[in-house]
Amino acid sequence: MRRILIIDDEDDIREVAALSLETIAGWEIITAGSGADGIRAAVDFKPGLDAVLLDVMMPGMDGPSTFRLMQQNPAIAGIPVLLLTAKVQGVDRRRFAGLGVAAVLFKPFNPLTLASQISEALGWKD
Amino acid sequence: MITEGHRRMSLFPSAFIVLLLTTVCLLTILTLRLGARSRNQRRKLDSLDVELKRSREQGEQQKKKLVERSGLDNVKDEFISTVSHELRTPLTSIRGALGLLSSGLLGNVDAKAQNLLRIASSNTERLIRLINDILDLERMESGRAALNLRRCSIYDLAGEAMDTMAGMADAAGVRLELSCSAPRDSIYFDSDPDRILQVLTNLLSNAIKFSPPASKVSIQIEANLDSLFLKVIDRGRGIPADQLESVFDRFQQVESSDSTRKGGTGLGLAICRSIIQQHGGAIWAQPNPPNQNGAGPEQGARGTTLWVQFSRSTRASDAPLPPLATRFARRGKGLIVVCDDDPGVRVVVAEQLRQHGYDVIEAGSGEEVITLAHEQAIRQAPTPPISAILLDLYMPGLSGSETLQQLKGATATAAIPVIILSAVAPTERPLCAANAQGWVRKPFSEELLLAELGRVLETRDATCQILLVEGDQKVAEAMMAGFEEAGVRIGHASTFQKAVDQCLAGPPGLLILDLTLPDGEDFTLVDWLRRQPALHALPMVVYSGRDISEGEMLKLRLGPTQFLSKAKVEFGEVEELVLAMVDRLRGSAAVPVA
């Protein structure tokens with residue numbers, strides 16, 4: 001069973017995304033409401049954490065900063081990070097392109113296919 | 001560090017100055033030697049010098065203007081990006097919650113509730129589309145998006161808009177009324193129905209918002225010999241005479257509190273006008289004549305009529321309009337990435353390309369181009385795929401030749417044509433020349449650049465449009481002959497490996513798969529294609545001698561996929577279907593196939 005960490009400042013989106021991945025794919029979901037909490041959770045759950053779903057626009061530390069901090073922490077640098085963002089314009093996508101995240105998924109996502117989008121992006125066969 | 005771009009910008013004027021100075025020296029010596037009257041010649045030289053200065057200043061000014069404009073575009077892009085994000089965030093929760101509820105995965109709901117969920121879901125989807133449309137409009141205004149024109153009935157569209165707005169009207173206690181005085185055959189016009197619906201719902205929403213309770217909003221349709229008119233008449237407080245025109249400006253409202261009280265964005269009428277102008281029509285506002293039916297007693301409350309006018313369609317059929325390109329000269333010709341570390345060169349080239357109907361993304365480094373190209377290839381991005389990359393050779397960081405090598409070395413990006421922009425000749429860089437599809441020597445003229453780009457894009461379009469995967473040689477020959485007769489380029493692969501090789505050499509626009517490969521290699525092929533970022537959404541026609549089960553269909557599906565059984569359809573029909581798909585692919589070159 002996959003274990004995914006969702007970092008998003010919107011309570012509702014965290015809840016819906018978690019429910020979607022739990023119901024559709026049967027994955028175990030951990031959530032965090034900020035970049036800092038997310039990094040702490042990632043370190044705590046490091047063994048068996050398969051991927052991080054990271055929002056971009058968050059107050060305080062935003063998604064890209066969170067990602068960079070994670071990359072600097074050897075304990076969690078290897079966990080694939082997918083951005084899940086409502087920033088979909090060309091100007092935004094160009095910005096994400098240089099980050100080095102595993103993939104960028106866009107909001108509003110389809111709750112029935114979010115899990116398969118993640119699996120596909122990370123090349124998971126199960 | 002002097003980059004090639006800087007050199008190019010400065011080389012030309014300095015060469016000119018050196019030449020000029022040399023001429024000055026020579027002339028001076030000559031004058032001294034001859035001791036003759038030199039005043040005339042000097043005056044000529046002076047005037048030449050002034051001329052040179054002036055033209056250089058003009059050039060500088062033009063460049064500055066272009067840079068300024070691109071700065072404004074950036075601000076605009078940023079604004080749109082923020083608005084889009086703010087709208088999408090709440091929609092994400094809504095779409096997610098409704099999607100899960102209506103899927104039934106969380107337990108069944110009764111039929112009535114299910115129906116409500118369906119309504120909510122479909123309207124959420126519609127709202128998402130609408131947001132995308134608004135963003136499209138931005139591109140439309142900058143000449144970067146095409147309308148999907150069809151022959152439509154204005155009466156039907158008005159009816160549909162009314163149905164959509166019925167809920168809002170009910171809630172406001174406003175009656176909606178539709179009447180048509182135009183003859184039944186005169187209500188057709190060429191339009192993009194989604195856009196026109198966007199306009200009509202917007203006009204109705206405005207009219208309802210500003211109507212007093214228990215009043216009515218009428219839509220009236222009229223026609224004359226060459227035009228259609230649609231009027232939306234409300235009995236609201238009216239628009240002051242001096243604002244009848246400015247209400248169409250962005251963020252303009254009659255009263256400053258309207259935006260918060262009425263929940264509008266201030267963009268509605270500006271969007272309506274843009275869409276209508278794109279259609280070659282017009283929209284304007286007029287106060288209702290006094291004593292009109294239902295008008296209020298006081299001067300200020302007699303309401304407004306919004307007039308919309310379109311040209312009538314003279315076409316008899318409702319087939320899509322074929323020569324779109326001639327109607328909209330600036331329709332997107334393809335997405336071009338311009339990569340040069342010199343922003344001056346980038347801005348100028350980008351502007352030239354935009355002037356000629358291309359969409360342009362600027363990139364300042366090789367690294368940027370590579371991530372951009374991968375991202376565009378892998379994601380189902382809302383933007384079209386990259387048609388070509390214009391690449392500077394000398395750049396700090398990843399050089400042009402390294403960038404080219406990486407692009408061509410990766411499956412996802414290998415097929416994107418690359419044109420090198422360089423001061424050196426292709427013969428001096430044979431490796432680059434072999435990998436690149438085009439080459440333009442700097443300094444280049446606009447014509448030269450456009451000609452080379454046109455040539456490269458044509459070559460790309462001419463490569464194998466269809467790949468036929470067919471184990472039976474005889475069947476393959478017959479099918480290929482049929483398609484070649486129809487003027488479609490078709491390639492053939494008789495084994496799994498050959499199909500893979502052909503796809504890697506250049507992705508086809510469409511794949512025909514006859515389930516005749518040995519050992520279930522057909523399935524292996526589809527599975528392989530699905531894992532290729534550049535090919536996973538390839539349109540496909542699966543053609544088989546036997547019935548295909550639903551499970552098999554699931555395994556064989558790529559992009560838009562059609563399943564045909566040889567027992568049920570003639571080969572001619574397959575050909576027709578494939579040709580229609582190819583046409584659609586060509587016609588929607590600006591739309592990603594997803």
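A short reminder: the numbers here are calculations on the coordinates, not readings from a lab. Note that the coordinates shown come from a computational prediction; the quantities given were computed from them, not determined experimentally. Ideal geometry is used to build each Cβ from the backbone, glycine not excepted, and the neighbour counts take in all protein chains shown.
Highest mean packing first, where packing is the average number of other Cβ atoms within 10 Å per residue, the peptides B:229-238, B:352-361 line up as B:229-238, B:352-361.
Report summary: the helix-based calculation at 222 nm, which adds -39500 (n - 2.57) for every DSSP H run with n ≥ 4 and divides by the residues of chain A, gives -12500 deg cm²/dmol.
For B:SER227, the residues whose amide H sits under 5 Å from its own are B:ARG312, ignoring neighbours fewer than 5 places away on the same chain, with H placed 1.01 Å from N. For the pair the stretch B:201-254 and the stretch B:168-197, the centres of their Cα atoms are 13 angstrom apart.
Can you work out the FRET efficiency for the pair B:ASP170 and B:THR561, with r the C-beta to C-beta distance and R0 = 56 Å, to the nearest 0.05? My answer for the efficiency is 0.85.
Using 1/(1 + (r/R0)^6) with R0 = 30 angstrom and r between the beta carbons of B:THR82 and A:LYS46, what's the FRET efficiency to the nearest 0.05? After rounding, the FRET efficiency stands at 0.30. Close amide-amide hydrogen proximity is noted between B:ASP192 and B:ARG150, each under 5 Å apart and 5 or more residues distant or on a separate chain (H modeled in the peptide plane; Pro and chain starts excluded).
A cut-off of 5 Å between modelled amide H atoms, ignoring neighbours fewer than 5 places along the same chain, links B:LEU178 with B:ILE219. Length, then width, then depth: along the principal axes, the Cα atoms of the stretch B:519-573 run 33, 24, 18 Å.
Annotation: peptides A:24-31, B:544-551, B:517-524, ranked by per-residue average of other Cβ atoms within 10 Å with the highest first, follow the order A:24-31, B:517-524, B:544-551. The mean number of partner chain beta-carbon atoms within 10 angstrom of a residue's beta-carbon across peptide A:51-57 is 1.
About its Cα centre, the stretch A:3-113 has a charge dipole of approximately 560 debye under the convention of +1 per Lys or Arg Cβ and -1 per Asp or Glu Cβ, with nothing else charged. Between the beta carbons of A:ALA36 and A:SER119, assuming R0 = 35 Å, the FRET efficiency works out to 0.80 to the nearest 0.05.
Highest average first, the peptides A:67-78, B:77-88 ordered by how many other beta carbon atoms sit within 10 Å of their residues are B:77-88, A:67-78. Peptide B:94-106 has a mean shielding of 5, counted as Cβ atoms of other protein chains within 10 Å of each residue's Cβ. Based on the Kirkwood radius over alpha-carbon pairs, what is the Stokes-Einstein translational diffusion coefficient of the stretch A:3-113 at 25 °C with 0.890 mPa s viscosity, in µm²/s? Estimated via Stokes-Einstein, D reaches 177 µm²/s. Per-residue mean of foreign Cβ neighbours for B:365-371 is 2 (Cβ atoms of other chains, 10 Å radius).
Rounded, prolate or oblate for the stretch B:463-555? Axes are the square roots of the Cα gyration tensor eigenvalues, ordered a ≥ b ≥ c, and the cut-off for rounded is a/c under 1.5. Judged from the Cα gyration tensor, the stretch B:463-555 comes out oblate (a/c at least 1.5, b/c at or above a/b).
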